[in-house]
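Nothing in this text is a laboratory measurement; each read-out follows from the coordinates by a stated rule. The model shown is predicted, which means the values in this text are computed figures rather than measured ones. For neighbour counting, all protein chains shown are included, and Cβ atoms are generated from backbone atoms with ideal geometry for every residue, glycine included.
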Amino acid sequence: MSQSNDTSGLRAKIQKLGSILSNMVMPNIGAFIAWGLITALFIETGWMPNERFAQLVDPMITYLLPLLIGYTGGYVLHGQRGGVVGAIATTGAIVGTDVPMFIGAMVMGPLGGWSIKKFDETFQHRVRAGFEMLVNNFSAGIIGFILTLIAFVGVGPIVEGLTSAIGSGVEAIIQKNLLPIANILIEPAKVLFLNNALNHGIFTPLGAEQVANTGKSILFLLETNPGPGLGVLLAYMFFGTGSAKSSSPGAIIISFLGGIHEIYFPYVLMRPLMFLAVIAGGVAGTTTFQLLGAGLSGAASPGSVIAISLMAPRGGLLPVLAGVFMAALVSFLVASVILKTDRRIEEEIAEEATNAEASSDELPSADNIQHIIFACDAGMGSSAMGASLLRKKVNELGLGMDVTNSAISNLGNDPNTLIITQAELTPRAKGQAPSSTHVSVDNFLEEGPYDRLLQSMVGKDEGVAEEDEDTAVEASELPDKAVENIQYDELRAIVVTYDQKSAASVMAASMIRNEFAKAGVKLPVTVAQMDELVDDSYTLFVAKTEHSLAARDKTRLGKHLGVDDLLDEKNWQQLAKDLTF
């Protein structure tokens, strides 16, 4: 137990450190892309050589990009004042050396923000009224002045030597054709949500320096290659089972075209042997890149095949695509063998779902939750998609709470907030917001956990309705069929009815749609109030047991199903089963 906790704590610390690094680069990735496009187009070997426009390349990499990183590093720690001091301090590192000062910016930016933050915490409450602006301005100026001199004299030369050593090491690895070995570490680290730290914290700065010298860099392709993830998802699509198989086509679009690699991480984590597939794919892809001399002229973010293609230098697109294709092919072959020889995947998923249901009494009620936040490492991509999915469900239920997405580092400690994270990131989220309610999911796009969460919230919010003995009918025990004496092949629609409160009915309709999607049933499922029902002999009307007689009176031609609990998914599993026979 202790060893496991230590491992989890170490992993969370590594993720946090990586997040700090990547959070200085990711907000400014647009500037990196702009610089990459200018480089790809206008340098002497670019797509559209232009000597005048090419003059923009050096000032941007020397001054603009490091200053943006330094400002952002300070801003993260202490807002505007931290950003200003961080940028001032970074200037000393930039002027004190001749190499692009990305690492120096990552040091001096946060140091500047931390320094002014500590000054404000110590002296701000001691400043006499009327002197606030004077103290604020001069404190930022003096601290920035001191730090920029320190950076000029010490940090710049040290980082220059360190950068030169790292660059020489990378160059030696490339020359000895050993770079593919790096994927043995890169691919598992990505799946453990260190992808942004690797790409934006390490490879982007180093790659930018190589581009300044050679016009392209293979380092921009190491983490961003979408091939390994594509291969795994294709294997699930052809040889997987259950929800993993049905959800993989959508995940392919999001990962390969959209560049949101986090979407395929759960498919690897559900079978640890899949690490071999992504490692093999990564090694194959990098080997192909190296053999063909592939590289990008700028950072590709997100890791979409479209973004990667746009950043390829003139004459360099085919080598890039060849590496992506080879990575996908090898990953697909290895993943296919794993899936064919091990069919326990869906059993484990089912067991996890059962465990989740068993702990549903620990899920929150709607009473104390005012905000729902999806949190991931960067606060974009996968968390934004999860928030969009749940927001639609929450709005349909009328729960009256906002659903947003955020980076874990930006979370506030609010007891009225529900924070949803992928399981690997939950320890960090709990450390950032210990008073909030936390829910872990394996995949932000898997609807089942959201349905169980909302089922708990709706059930607790509405309470359990008392059964009216005068109007109640016996609930179906569902021994063989959801409803006896119905010609299921004649049904054209399902309508879930309600009397006064609609939340449980809306939730039930969503659950029915999910079960129908799994079973391949294509009947429309809608929700309607009892007074609005339209009689139709081809419609199955679903209602709570105590409301079923009233529904029958309103729609005598239709078919009817009364259940004790609209939120019991066993009812809808049986209904979906009946409709497939």
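Taking amide H as placed 1.01 Å from N in the peptide plane, residue 419 has its amide H under 5 Å from the amide H of 373, 437, 438, 439, each at least 5 places away in sequence or on another chain.
Extending 7 Å from the Cα toward the beta-carbon at both residue 37 and residue 529 defines two label points whose distance is 5.1 nm.
Distance between the pseudo-spin-label points of residue 146 and residue 490 (7 Å out from Cα toward the beta carbon): 8.7 nm. Decide, for the range 488-579, between rounded, prolate and oblate: order the square roots of the alpha carbon gyration tensor eigenvalues as a ≥ b ≥ c, take rounded if a/c falls under 1.5, and otherwise choose prolate if a/b is larger than b/c, else oblate. Oblate.
Between residue 55 and residue 238, residue separation times 0.36 nm minus the direct Cα-Cα distance comes to 60.8 nm. Cut-off 12 Å, label point 7 angstrom out along Cα-to-Cβ of residue 368: give me the residues of the range 412-438 whose amide nitrogen falls inside. Of the residues in the range 412-438, 415-418, 435-438 have backbone N under 12 Å from the label point off residue 368.
Please give the Cα centre distance for the range 535-581 versus the range 201-225, rounded to the nearest Å. First find each Cα centre; the distance between them is then 60 Å. Distance from the Cα centroid of the range 429-445 to that of the range 251-300 is 26 Å (rounded to whole angstrom).
A straight chain from residue 124 to residue 292 at 0.36 nm per residue would run longer than the Cα-Cα distance by 54.6 nm. Extension gain for residue 322-residue 570 works out to 84.5 nm (0.36 nm per residue, less the C-alpha to C-alpha distance). Here the peptides 532-541, 95-104 are ranked by packing, the mean other Cβ count within 10 Å, and the order with the highest first is 95-104, 532-541. FRET efficiency for the residue 577 to residue 173 pair, using the beta carbon distance and R₀ = 51 Å, is estimated at 0.35. With a Förster radius of 22 Å applied to the beta-carbon distance between residue 153 and residue 98, the computed FRET efficiency rounds to 0.90.
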